[in-house]
Structures are given as C-alpha cells and as structure tokens.
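Since the structure comes first, as structure tokens, the remarks are kept for the end.
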Amino acid sequence: MRGTAIATAWMTLAGMVLLLTPAVTAQSTARIGYVDVQRVLARSSAGVAAREQIERDKATMQKDLDARRVEIEKLEEEMVKKGALLSTETRKDKQEALDRKKRDFRRLLDDYQRELEKKDRELLQKLAQDLAGVVERFGKQRGYLLIVERRNAGVMYGAAEADLTDEIIKAYDQEMGRAKR
C-alpha cells in the first residue's frame, strides 16, 4: 500500500514536470541576478560616508569619555595620597563626589553606546531603503525577472555573471550623487 502511494506521487510529480517544461523553457531567457548588500554598503560612496560619520561621532564621544576617565583617575589618586590627611567629613565628601563621577561616567558610556547603535540603525535603514529603490529601477531598466540579496536569500551558489553588486554600486553612487545636487 505504501509503495503504491510513493509510486503514484512520483508519477504525479513527473507529470507535473512534463507539463511545466514548456513554461520553464519559455522563461529560460529570463534574467536573474543577485546583490551582496554588505559589499554595497562597504564600497558605495553613501555606505563609506555613513561609516565615516559613525566613526567621527564615536571619536568625539571617546574623547569626552577619556577626559572624564582622566578626571576620575586624578580624584582616585588624590584620595589614595591625601586620604589619610583629610578630615573624615572632607574624605566622605570627596568619596561621594568620586562615586558620583564614576556613576555618571557609566551612564554616559551607556548613553553613548545606545546613541551610536541608534545612529547606525538609522543610517543602515536609510541606505537599505535607498538601495532597494535603486535595485528595483535597475532591474526594471535591464529586464531582470528577479534580483535577490545574496546572503539573506540563502543563495548557495551564484555564477559570477549573475552578481550585479558592482553594477548596483555604480548605479547607487550615480543616483545618490544626483540626489545631493
């Protein structure tokens, strides 16, 4: 009984393949390509500019954090050197100020990290949105039936001829250049 069901399923599948063969043959001239979005983001002018902006913001934040860290280290050093000479009340006040500065430093560090992550997400969303429009226009102009993202689409193999990434980078840079004018 089970062998009959399997044989019937195979015959049905074979029949469907034979019925679909003319349609597949007619569509065999359809163009399909893929794009490596990570490479577009890494090599396009807009992607490079976005990364540079994030790095500038990060450097500014790091400079501020470094200045605050030096201030905390000086206070700690002062507490170690002069702590025994200070009155109990003065030592207590300095320790509270030091603890407050450390707490503020940790909060600021967390705030900066969240801010950088938010900026990164926003820039990536904007780039992805712009890129989707470029890919769509590119596909329509060049007669592609389908363009997929190489990594997230699960492309296991893609012939080099189907890789549109460099062409998309060029089109993306051209469109973004025109948009800035």
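The values are calculated or read from the model by the stated rules, or taken from the named source; none is laboratory data. Bear in mind that the values here come from a model prediction, so they are computed numbers and not experimental data. Every residue, glycine among them, receives a Cβ derived from its backbone with ideal geometry; neighbour counts consider all protein chains shown.
Of all the criteria given as (1) among the aliphatic types (A, V, I, L, M); (2) over 20 Å from SER45 (Cα atoms); (3) surrounded by 13 or more Cβ atoms within 10 Å (Cβ to Cβ), the one not satisfied by VAL134 is (2). Every condition in (1) exposed (fewer than 15 other Cβ atoms within 10 Å of the Cβ); (2) assigned to a helix (DSSP H, G or I) is met by LEU145 except one, and the failing one is (2). Tell me whether the stretch 149-165 contains one or more residues that are at pLDDT 90 or above, in contact with a Ser or Thr (Cβ under 9 Å, 6 or more places away or on another chain) and either within 30 Å of GLU76 (Cα to Cα) or not acidic (Asp, Glu) (or both). For the stretch 149-165, residues at pLDDT 90 or above, in contact with a Ser or Thr (Cβ under 9 Å, 6 or more places away or on another chain) and either within 30 Å of GLU76 (Cα to Cα) or not acidic (Asp, Glu) (or both): absent.
For the stretch 134-151, the set of residues classified as in contact (Cβ under 8 Å) with a residue 40 or more places away in the chain and under 22 Å from the mean Cα position of the chain (by Cα) consists of VAL134, VAL135, ILE147, VAL148, GLU149, ARG150, ARG151, listed by residue number. Looking only at the stretch 148-179, filter to residues that are part of a helix (DSSP H, G or I) and polar (S, T, N, Q); which one of those is nearest to ASP36 (Cα to Cα)? Ranking the qualifying residues of the stretch 148-179, first place goes to THR165. Of the residues making up the stretch 42-53, those that are surrounded by 15 or more Cβ atoms within 10 Å (Cβ to Cβ) and either in a helix (DSSP H, G or I) or free of Cβ contacts under 8 Å to residues at least 12 places away in the same chain (or both) number 4. Criterion first (among the aromatic types (Phe, Trp, Tyr), in a helix (DSSP H, G or I) and either more than 23 Å from ARG39 (Cβ to Cβ) or over 27 Å from the mean Cα position of the chain (by Cα) (or both)) does TYR112 satisfy it? Here the answer is yes, as TYR112 does meet what is asked.
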